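Here's the structure, in structure tokens; my notes come after.
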Amino acid sequence: MSILTGNPFLPPPFPVHRFTVDEYHQMIQKGILKEDDRVELLDGWIVSKMPRNPPHDATIDIAQEVFRSVLPAGWRLRVQSAITTDSSEPEPDLAIVRGPAERYLSNHPKPPDIAVVIEVADSSLAQDREEKGKLYAQGQIPIYWIINLVKRQVEIYSRPSGPDPNPGYRRRDDFQINDFVPLTLVGQEVAQMAVKNLLPETIVPDGHPPS
């Protein structure tokens with residue numbers, strides 16, 4: 001199977017087939033797509049997922065501990081697991097969804113189940129801001145976080161457009177390393193989170209943090 005790469009919002013210069021979420025699920029169920037295929041469905045295109053590096057994965061590990069320590073009862077944190085919108089099935093690095101876990105035995109979380117999605121961005125920063133941002137806004141995910149390893153800040157996107165010719169979030173707030181980020185679930189602030197607790201220390205070339 002040919003896997004499309006690049007911007008999923010720009011069609012390639014030759015005839016192709018855009019897949020529905022149901023068709024994507026059928027390909028998984030029939031073994032056409034396998035669990036170890038690093039792909040996801042973005043706006044009808046089956047695209048390759050970005051490769052991960054140690055700082056990216058370490059940040060996910062750090063962040064999930066912080067989020068789980070402040071989540072109120074009734075909410076769960078899912079890590080690199082799929083969510084489903086009308087035309088996409090992305091796999092955000094983290095997602096805060098309604099519990100319990102058994103709620104998702106037969107389907108992935110959908111927008112009414114999801115309070116926040118979070119992406120950790122380094123080499124994927126442009127894709128996470130533009131392409132993933134459009135997908136999440138189109139799917140009416142209420143709040144989208146980017147833990148930005150390049151600028152060492154947290155970006156919070158809110159007020160999604162929903163279905164729109166040019167989907168996006170209408171508001172962006174940036175929080176620097178010494179700031180506190182409000183964690184808001186369905187309109188209610190439940191915690192203030194220190195940005196410095198979500199970002200790893202600066203890594204030097206030998207792979208060890210500075211002394």
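With in contact (Cβ under 8 Å) with a residue 40 or more places away in the chain and on the phi < 0 side of the Ramachandran plot as the only criterion, which of Ile114, Ile62 stands out?
Ile62 is the lone residue from the list that is in contact (Cβ under 8 Å) with a residue 40 or more places away in the chain and on the phi < 0 side of the Ramachandran plot.
Quick one: Arg78 ticks every box in (1) in contact (Cβ under 8 Å) with a residue 24 or more places away in the chain; (2) of a type in the set (D, E, K, R); (3) in a helix (DSSP H, G or I) bar one, so which box is it?
Among (1) in contact (Cβ under 8 Å) with a residue 24 or more places away in the chain; (2) of a type in the set (D, E, K, R); (3) in a helix (DSSP H, G or I), the lone unmet condition for Arg78 is (3).
Quick one: count up the residues across the stretch 152-169 that are at pLDDT 95 or above, part of a loop (DSSP other than H, G, I, E, B) and more than 22 Å from Ile114 (Cα to Cα).
Matching residues across the stretch 152-169 total 1.
Take the residues in the stretch 129-151 that are in a loop (DSSP other than H, G, I, E, B) and out of contact with any helix residue (DSSP H, G or I) (no Cβ under 7 Å at 6 or more places or on another chain); name whichever of them is surrounded by the most Cβ atoms within 10 Å (Cβ to Cβ).
Residue satisfying both the conditions and the ranking: Pro142.
Give just the number: which of (1) surrounded by fewer than 19 Cβ atoms within 10 Å (Cβ to Cβ); (2) farther than 15 Å from Asp128 by Cα; (3) out of contact with any Ser or Thr (no Cβ under 9 Å at 6 or more places or on another chain); (4) not aliphatic (A, V, I, L, M) does Arg78 not satisfy?
Of (1) surrounded by fewer than 19 Cβ atoms within 10 Å (Cβ to Cβ); (2) farther than 15 Å from Asp128 by Cα; (3) out of contact with any Ser or Thr (no Cβ under 9 Å at 6 or more places or on another chain); (4) not aliphatic (A, V, I, L, M), only one is false for Arg78: (1).
Looking only at the stretch 152-192, which residues are among the basic types (Lys, Arg) and surrounded by 14 or more Cβ atoms within 10 Å (Cβ to Cβ)?
Arg152, Arg172
Only one residue in Ala126, Ala101, Ala95, Ala115 is farther than 18 Å from Gln64 by Cβ and either crowded, with 19+ Cβ neighbours inside 10 Å or among the aliphatic types (A, V, I, L, M) (or both). Which one?
Every option except Ala126 fails the conditions.
Kindly indicate the residue of the stretch 193-210 that is out of contact with any helix residue (DSSP H, G or I) (no Cβ under 9 Å at 6 or more places or on another chain) and at pLDDT 95 or above and also surrounded by the most Cβ atoms within 10 Å (Cβ to Cβ) among those meeting that condition.
The extreme case among them is Val195.
Does the stretch 170-189 contain any residue that is β-branched (Val, Ile, Thr), over 27 Å from Ser88 (Cβ atoms), modelled with pLDDT under 95 and part of a loop (DSSP other than H, G, I, E, B)?
no
The values are calculated or read from the model by the stated rules, or taken from the named source; none is laboratory data. For clarity, every value in this text was computed on a predicted model and none was experimentally measured. Note that we place each Cβ from the backbone using ideal geometry, even for glycine, and neighbour counts take in every protein chain shown.
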